[in-house]
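Below is one structure, written out as structure tokens; comments come after it.
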Amino acid sequence: EDQVTQSPEALRLQEGESSSLNCSYTVSGLRGLFWYRQDPGKGPEFLFTLYSAGEEKEKERLKATLTKKESFLHITAPKPEDSATYLCAVQAGGGTASKLTFGTGTRLQVTL
Amino acid sequence: NAGVTQTPKFRVLKTGQSMTLLCAQDMNHEYMYWYRQDPGMGLRLIHYSVGEGTTAKGEVPDGYNVSRLKKQNFLLGLESAAPSQTSVYFCASSGTSTVRQFFGPGTRLTVL
């Protein structure tokens, strides 16, 4: 059974204080690892897809990396508008639909 | 483009009542999904569809039925609502050439 574990559950940072969120996974045949951002009362919003170990992707203050067992979402010099819940998900195995298994998320709060 | 839309946004039901949640997408995506999101549980797949006229069970299908009569619409039905079905429901869609899923804004359902 595919499993995704995110840590920490919640993180509070001051503006400008860089940190990393962790997503560890066990899956048979990883096809892709996804990061989403979710604001309160809204649907998840896509951030990144990573496909193979060693891959990195960046978007503004966010950088996602992938190893064979985990992914990190690095947040550099965060701002209050980066406050959100960050979700990690994996797509595994075969099949015709891109079914995802999600972690429970990391709730990030960035304060002034 | 509206992307993925969901109707209604909020609903309160009494135990035993029935209702249908409507999801619509205007991106010509083949695949559509229904998830539920509960505190501490993450997003869990209820049912999904790989094309018009097809449906399949996800991780937590019991108590729900779905239909995909038109490519752009995916309906989720609760025949006899139970308090355990109190949740936030998200619809998503994806294309065949990209595994990224696009999410709707969600429906908050309370069953009393």
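Inside 10 Å of the C-beta atoms of B:68-81, what's the mean count of C-beta atoms belonging to other chains? Working shown, then result.
Values: counts 0, 0, 0, 0, 0, 0, 0, 0, 0, 0, 0, 0, 0, 0.
So the per-residue partner count for this stretch is 0.
Nearest 100 Å² is fine: what is the total accessible surface buried where chains B and A meet, probe 1.4 Å? It would help to have the intermediate numbers written out before the result.
Numbers: alone 6090 and 6370 Å², together 10930 Å².
The contact between A and B buries close to 1500 Å².
How much of the accessible area of chain B, probe 1.4 Å, is carbon plus sulfur, in whole percent? Intermediate values should be presented prior to the final figure.
On the way: 2740 of 5340 Å².
Roughly 51 percent of what the probe reaches on chain B is carbon or sulfur.
Rounded to two decimals, what ratio of Rg to Rh does the protein assembly as shown give with C-alpha atoms and a Kirkwood Rh?
In the protein assembly as shown, Rg relative to Rh is 0.97.
Taking θ = phi - 60°, what integer Hz values does the Karplus form 6.51 cos²θ - 1.76 cosθ + 1.60 yield along the range B:101-109, in sequence order, with x for Gly and Pro?
9, 9, 9, x, x, x, 10, 8, 10
At a Förster radius of 35 Å, what calculated FRET efficiency corresponds to the Cβ-Cβ distance of residue B:57 and residue A:10, to the nearest 0.05?
Working: r = 33 Å, r/R0 = 0.94.
Working from the Cβ atoms, E equals 0.60.
Provide the solvent-accessible area of residue B:10, counting protein heavy atoms only and rolling a 1.4 Å probe, rounded to the nearest 10 Å².
Spelled out: residue B:10, probe radius 1.4 Å, area about 150 Å².
Just checking the output field for B:94-103: average partner chain Cβ neighbours within 10 Å of each residue's Cβ?
On the way: counts 5, 1, 3, 0, 2, 10, 9, 10, 4, 7.
Neighbouring Cβ atoms belonging to other protein chains average 5 per residue here.
Would you mind working out the accessible area per residue for the range A:17-104, using a 1.4 Å probe, and quoting it in Å²?
45
Separation of the range A:32-76 and the range B:28-94 by C-alpha centroid, Å?
If we compute the Cα centre of each part, the gap is 25 Å.
With θ taken as phi - 60° and the coefficients 6.51, -1.76 and 1.60, list the Karplus ³J(HN,Hα) couplings across the range B:53-62 in order, rounded to whole Hz; mark glycine and proline as x.
Karplus-based 3J(HN,Hα) across the range B:53-62 equals x, 10, 9, 8, 7, x, 6, 10, x, 5 Hz.
Considering only the other residues whose Cβ falls under 12 Å of the Cβ of residue B:104, what net charge follows from Lys and Arg at +1 and Asp and Glu at -1? Can you show the working numbers first?
Details: positive: A:42, B:9; negative: A:45, B:26.
Summing Lys/Arg as +1 and Asp/Glu as -1 gives 0.
At a 1.4 Å probe radius, which order do A:20, B:87 fall into by accessible area, largest first? Mind dumping the intermediate values first?
Numbers: A:20 50, B:87 10 Å².
Per-residue accessible area, sorted high to low, gives A:20, B:87.
What percentage of the solvent-accessible surface of chain A, computed with a 1.4 Å probe over protein heavy atoms, is contributed by carbon and sulfur atoms?
Details: 2550 of 5590 Å².
Carbon and sulfur: 46 percent of the exposed surface of chain A.
Can you give the local net charge around residue A:98? Use residues other than it whose beta-carbon is closer than 9 angstrom to its beta-carbon, Lys and Arg +1, Asp and Glu -1. Walk me through the numbers before you get to the answer.
Details: positive: A:31, A:99, B:100; negative: none.
In short, +3.
Just the accessible area per residue of chain B, please: how many Å² with a 1.4 Å probe?
Working: 5340 Å² over 112 residues.
Value returned for chain B: 48 Å² of accessible area per residue.
The values are calculated or read from the model by the stated rules, or taken from the named source; none is laboratory data. Everything quoted here is computed from the prediction, not taken from an experiment. No Cβ is skipped: glycine too gets one built from the backbone with ideal geometry, and neighbour counts run over all protein chains shown. Surface areas here come from the heavy atoms of the whole protein model, side chains and all, with no ligands, DNA or RNA. Shrake-Rupley method; radii C 1.70, N 1.55, O 1.52, S 1.80 Å.
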